[in-house]
1. Roughly what would the spin-label model give for V221 and D265, points 7 Å off Cα along C-beta, in nm?
2. Along Cα→Cβ, 7 Å out, is where each label goes; now give me the distance between the ones at S294 and R254 in nm to one decimal.
3. Taking the Cβ-Cβ separation of D133 and K320 as r and a Förster radius of 35 Å, what is the calculated FRET efficiency to the nearest 0.05?
4. Can you tell me what percent of all Cα-Cα pairs in the stretch 216-332 are more than 25 Å apart?
5. Using label points projected 7 Å from each Cα along Cα→Cβ, tell me how many nm separate R152 and E280, to one decimal.
6. Would you list K180, K292, K194, K275 from the most to the least accessible area, probe 1.4 Å?
7. Out of the total accessible area of the stretch 198-332 (probe 1.4 Å, heavy atoms of protein only), what percent is carbon and sulfur?
8. Round to the nearest 0.05 the FRET efficiency obtained for E228 and T312 when R0 = 35 Å and r is the Cβ-Cβ distance.
Amino acid sequence: PGQTAPGLGQEQTAVAGMPGMMPGMMPGMTPNPMMLMGMMMCQAAMMKVAIAQQHGQGGGQDGGAPANPMLSMMAGNPMMAGMMGGNPMMANMMGNMAAGGSAGSTSSAAPAPPPKQKEPEGAIDPDVRELGDYFNIEDRWIKRLNETMKKRMDTKEQDLAKLYEVLERARSPTGLLTVKIGEMECGQFVGKIKPDKDVERLARKFKLDDHVTSRLTELVVRRKAQKEEDLGRIEQHLRYCKRPSAMATLLAGRLLEGEVDEIPDLEEAEDIMTKYKLDEDARSKLREIVEKRSSDQKEVLVQVRKHLDASTYPSSMLCKIARPLIDGGGGG
């Protein structure tokens, strides 16, 4: 016991060192190709599992580079070391697998960001769709509005706020929207903006509602060069009418729609009001005469003066001749 049989150690050494032999094979045995192939496949499968486990743990010890699973398996598996030492093909395959596993680990550490999804062509802006649903606008006009709004993204919020304001009062929201889209396309549409200080003063003085204030604000934005004259003459007319909000809307609309180039000046008419001490009704009628007969205002006012000079009650006379003059006649 405890002694080695003579010659046994030398035989094992010779066997282990024989080229092409695998550990555990007897001298003179011919390697079975099927067995070799099966062992190679088994070792390959083991390598994949080891690489996956190593990668799943996030690297090697102490936060360093991941350990090489090939070296670990070879150190703990003499049979695999012997196979690789005696079979260059298997050694080469195992080396490629280890390199592939390492590359896969490196590439998977920094996954590429997903490609940004493009907005579907022809998609309707949710805010535009909401406006269309609210006013029950035909789909073809919503699509046209959407295309127009794409060119006005800087003023989108103000534009939509203005559309809600004007369409709310429209008898036919779809019809008015088509007009407003046209204004946008030719650069005439003005979104909802903070009122001008002079417009705010006018609104407080005559207690104009928000819609009228917005309309006047649009007027001064679109006619900046004529702002002082426009507001001054509108204020003249508001002094002598019974419904200032309605009158302001009417006069601003005529300017904005291009029906007139300017509001008639009431300066001469105000001189007549003062000279003949006309009452409220007579002043309102005289304002209306000037508005309707702006093209021949001077001639008409000359006739008015003649009638008032010959009358004992100028206010009553003015009311009497107002209708013929408004209708285009000579006042009798």
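1. Calculated label separation equals 3.0 nm.
2. Distance between label points: 0.4 nm.
3. E(calc), rounded to 0.05, equals 0.05.
4. 24
5. In this crude spin-label approximation the distance works out to 4.1 nm.
6. Descending order: K194, K275, K292, K180.
7. It is 45 percent, rounded to a whole number.
8. Working from the Cβ atoms, E equals 0.30.
The values are calculated or read from the model by the stated rules, or taken from the named source; none is laboratory data. All figures in this text were calculated on a predicted structure; none of them were measured in a lab. Quick reminder, even Gly has a Cβ in these numbers, built from the backbone with ideal geometry, and neighbours come from all protein chains shown. For accessibility, only protein heavy atoms count, side chains too; no ligands or nucleic acids. Shrake-Rupley method; radii C 1.70, N 1.55, O 1.52, S 1.80 Å.
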